[in-house]
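What follows is a single structure, written as structure tokens, with notes after it.
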Amino acid sequence: MKKIIAMVSVLAAVAACTTPTEDVNRVATTNTNTSETRPSVPVPTEAEATAKEKATWETIKNKDYEAFSAMLASDQIYVGPEGVHDKAATLDGLKRFELTEATFSDWKFQPIDNNAYAIIYNASVKGKLDGKDLPQENWWNSSVWVNRDGKWVSIFHQESKVTPPPPAPSPAAATKAAPTPVSIVTGPDPIANESALWQALKGRDFNAFESSLASDSIEVEPTGVYDKAGTMKLVRDFDFSKAALGNFRSVKLSDSAALVTYLVKIPSPGQAAIPLSAEGEQHSTIWANRNGKWQAVFHHGTPLMKAAPPPKSAAK
């Protein structure tokens, strides 16, 4: 994409003016707040979770950066069209953004376990970056909240610009290769789990892939939000055989849940069920222990674009 598109969503605007945190091929960030030391607090209801998420936007609108920071975990990460950002980078960039209006819709609540949940929604935002108006656009947002020391804080946020679904691929364009059976053994390592899941996709072993998804799994893409059946329809129409994965980064959410985010690059197969980007796509998945088996319960994909250059200094 030669032309940088102005971003509207508040954190996307932040991403445009910060430098993504550097990732190596595999970086693990693990908190030490285990079930033995974590005070028990009730999991918020959907209404309470929605109110918490809206409250973060109010602090941004009011430019109360201290209050906003207090709502984030120390190891919070944000994923947007510009890449992955840590808490410090998010806060620094946020101070250049002025939120004037935000409207929300299509809320979904995804319990992960007793100490983590995800909240998904559509946000239409108006604002300014460096004093210049940004065009109003819609974005799919997802946030993950965790119990840290008896307090619910946001540890992860990802967003992708709403994009109309492309035309369905013709039957002739669908890959006809026979499936390659894959054995997927999952555990507490989300990076190993995700790598195995992609091996199933590359080999078109959709039975193995489907068995690794929780029955209530949710997938967020620029084209919409999908349940497990919707995800299966998406992947069957896509050629993953040449996908390359890297820059893995994981975060332990609790003793029974972990998140992994990583970069995916796929040569364009022509018609595709989800948008592709020459810069790659940032994917994030939450794995949770469900009845003794680790399964994928949440996934969010965001096409990347080239980072906008920082503003020139006014100093001569």
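The values are calculated or read from the model by the stated rules, or taken from the named source; none is laboratory data. The structure presented is a predicted model; accordingly, all values stated were derived computationally and were not measured. Virtual Cβ from ideal backbone geometry, glycine too; neighbours counted across all protein chains shown.
Go through the stretch 244-268 and give me each residue that's assigned to a loop (DSSP other than H, G, I, E, B) and surrounded by 16 or more Cβ atoms within 10 Å (Cβ to Cβ).
Of the residues in the stretch 244-268, the ones assigned to a loop (DSSP other than H, G, I, E, B) are 255-256, 266-268.
ASP255, SER256, ILE266 - these are the residues of the stretch 244-268 that are assigned to a loop (DSSP other than H, G, I, E, B) and surrounded by 16 or more Cβ atoms within 10 Å (Cβ to Cβ).
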Looking at this structure, is ALA88 under 23 Å from HIS300 (Cα atoms) and either touching a residue at least 40 places away in the same chain (Cβ under 8 Å) or surrounded by fewer than 16 Cβ atoms within 10 Å (Cβ to Cβ) (or both)?
yes
Of (1) closer than 26 Å to ALA177 by Cα; (2) touching a residue at least 24 places away in the same chain (Cβ under 8 Å), ALA244 satisfies all except one. Which?
(2)
Given the options ALA273, ALA288, ALA278, name the one that is of a type in the set (Gly, Ala, Ser) and at pLDDT 95 or above.
ALA288
For the stretch 136-145, indicate whether the set of residues that are β-branched (Val, Ile, Thr), assigned to a loop (DSSP other than H, G, I, E, B) and closer than 26 Å to LEU263 by Cβ is non-empty.
no
Counting only residues that are surrounded by 13 or more Cβ atoms within 10 Å (Cβ to Cβ), assigned to a loop (DSSP other than H, G, I, E, B) and modelled with pLDDT under 85, how many does the stretch 146-173 have?
3
What's the number of the condition GLY83 fails, among (1) among the small types (Gly, Ala, Ser); (2) touching a helix residue (DSSP H, G or I) at 6+ places or on another chain (Cβ under 6 Å); (3) under 22 Å from THR163 (Cα atoms)?
(2)
Evaluate the following for THR45: is it at pLDDT 95 or above, hydroxyl-bearing (Ser, Thr, Tyr), crowded, with 16+ Cβ neighbours inside 10 Å and over 30 Å from ASN247 (Cα atoms)?
no
Filter result for PRO188 (closer than 30 Å to LYS54 by Cβ and not in a helix (DSSP H, G or I)):
no
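Just for the stretch 291-316: of the residues that are of a type outside the set (Gly, Ala, Ser) and at pLDDT below 65, which one is farthest from GLU159 (Cα to Cα)? Quick ask: steps written out before the conclusion?
So in the stretch 291-316, the residues of a type outside the set (Gly, Ala, Ser) come out as 291, 293-295, 297-300, 302-306, 309-312, 316.
Now restrict to residues that are at pLDDT below 65: 309-312, 316.
Details: PRO309: 21, PRO310: 21, PRO311: 23, LYS312: 27, LYS316: 37 Å.
Restricting to residues being of a type outside the set (Gly, Ala, Ser) and at pLDDT below 65, the top hit is LYS316.
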